[in-house]
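Take this structure first; my questions come after.
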Amino acid sequence: MKKVYIESSVISYITAKPSRDLIVLARQALTLEWWESKRNKYDICISELVLQEIASGDPVAAQKRLDVVRDVQNLEITLAAKELASILVSEGAVPNNSLEDALHISTVAVQGVEYLLTWNFKHINNASTRAIITHVIENFGYISPILCSPEEL
């Protein structure tokens, strides 16, 4: 079974109140549909970083997000993942102010997860940086994960 890392933005879309923004609302619907009908086709996982991110903000909303992932496998953020995240930033694959995004990517790569599921098009699933991310990861001997949204997967 293929492994999918669920990044924080996906969990937020699963539990958020329906948005007035039509694009966000459509993404919420796609995410919920994927979660309800497709997630069982994959071995899903998160990391401690995801738990930290979804635990912040409004306590009631945070608890909803945490409840959704209660039984999801939690990947360790290793020293190798931290080192690779720093390299992703230093090589310009991820902006300097987005070390957390680099850490999501590097954790997935180091742990050998096939997919990173995200709605973060700014720093993770970005067509203009995807090739750089892949190049950096593969230069360090890892296989680059497929960076995609629930709609794509």
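The values are calculated or read from the model by the stated rules, or taken from the named source; none is laboratory data. Being a predicted model, the structure only gives us computed values, none of them experimental. All Cβ positions, glycine included, derive from the backbone under ideal geometry; neighbour counts span all protein chains shown.
So that you can scan it fast, the table gives a plain yes or no per residue for (1) in contact (Cβ under 8 Å) with a residue 12 or more places away in the chain; (2) at positive phi; (3) among the hydrophobic types (A, V, I, L, M, F, W, C):
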{"site": "Glu91", "(1), (2), (3)": "yes, no, no"}
{"site": "Ala102", "(1), (2), (3)": "yes, no, yes"}
{"site": "Gln111", "(1), (2), (3)": "yes, no, no"}
{"site": "Leu116", "(1), (2), (3)": "yes, no, yes"}
{"site": "His123", "(1), (2), (3)": "yes, no, no"}
{"site": "Ser128", "(1), (2), (3)": "no, no, no"}
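Let me ask something else about it. Being in contact with a helix residue (DSSP H, G or I) (Cβ under 7 Å, 6 or more places away or on another chain) and surrounded by fewer than 16 Cβ atoms within 10 Å (Cβ to Cβ) is the filter here; which residues of the range 117-142 pass it?
Taking the range 117-142 and keeping what is in contact with a helix residue (DSSP H, G or I) (Cβ under 7 Å, 6 or more places away or on another chain), we get 117-120, 123-124, 133, 136-137, 140, 142.
Of everything in the range 117-142, just one residue is in contact with a helix residue (DSSP H, G or I) (Cβ under 7 Å, 6 or more places away or on another chain) and surrounded by fewer than 16 Cβ atoms within 10 Å (Cβ to Cβ), namely Phe140.
If you don't mind, another one. Every residue in the range 16-47 that is modelled with pLDDT of 95 or more, touching a helix residue (DSSP H, G or I) at 6+ places or on another chain (Cβ under 7 Å) and among the hydroxyl-bearing types (Ser, Thr, Tyr), please.
Listed by number, the residues that qualify are Thr31, Ser47.
Moving on to the next point. Quickly run through the range 106-127 and pick out the residues that are under 18 Å from Ser90 (Cβ atoms) and at pLDDT below 95. Talk me through it step by step, then tell me what you get.
Of the residues in the range 106-127, the ones under 18 Å from Ser90 (Cβ atoms) are 106-107, 109-110, 123-124, 126.
Answer for the range 106-127, where residues must be under 18 Å from Ser90 (Cβ atoms) and at pLDDT below 95: His123, Ile124, Asn126.
Okay, next question. If I filter the range 69-96 down to residues being in contact with a strand residue (DSSP E or B) (Cβ under 9 Å, 6 or more places away or on another chain) and modelled with pLDDT of 95 or more, which single residue comes out as farthest from Lys17 (Cα to Cα)? Working first, answer last.
Quick first cut of the range 69-96, residues in contact with a strand residue (DSSP E or B) (Cβ under 9 Å, 6 or more places away or on another chain) only: 69, 72-77, 81.
Pick out the ones that are also modelled with pLDDT of 95 or more and you get 69, 72-75, 77, 81.
Numbers: Val69: 18, Val72: 22, Gln73: 26, Asn74: 26, Leu75: 28, Ile77: 30, Ala81: 33 Å.
Filtering first and then ranking leaves Ala81.
Now for a different question. Suppose we filter the range 36-72 for residues that are surrounded by fewer than 13 Cβ atoms within 10 Å (Cβ to Cβ) and within 30 Å of Asn139 (Cβ to Cβ); how many remain?
Total meeting the criteria: 1.
Applying the selection to the range 136-151, what residues are at negative phi and without any contact (Cβ under 8 Å) to a residue 24 or more places away in the chain? Let's see the steps before the verdict.
The first filter runs over the range 136-151 and keeps only residues at negative phi, leaving 136-140, 142-151.
Answer for the range 136-151, where residues must be at negative phi and without any contact (Cβ under 8 Å) to a residue 24 or more places away in the chain: Glu138, Asn139.
Could you tell me which numbered condition Gly57 fails, if it satisfies all but one of (1) at pLDDT below 95; (2) within 18 Å of Asn125 (Cα to Cα)?
(2)
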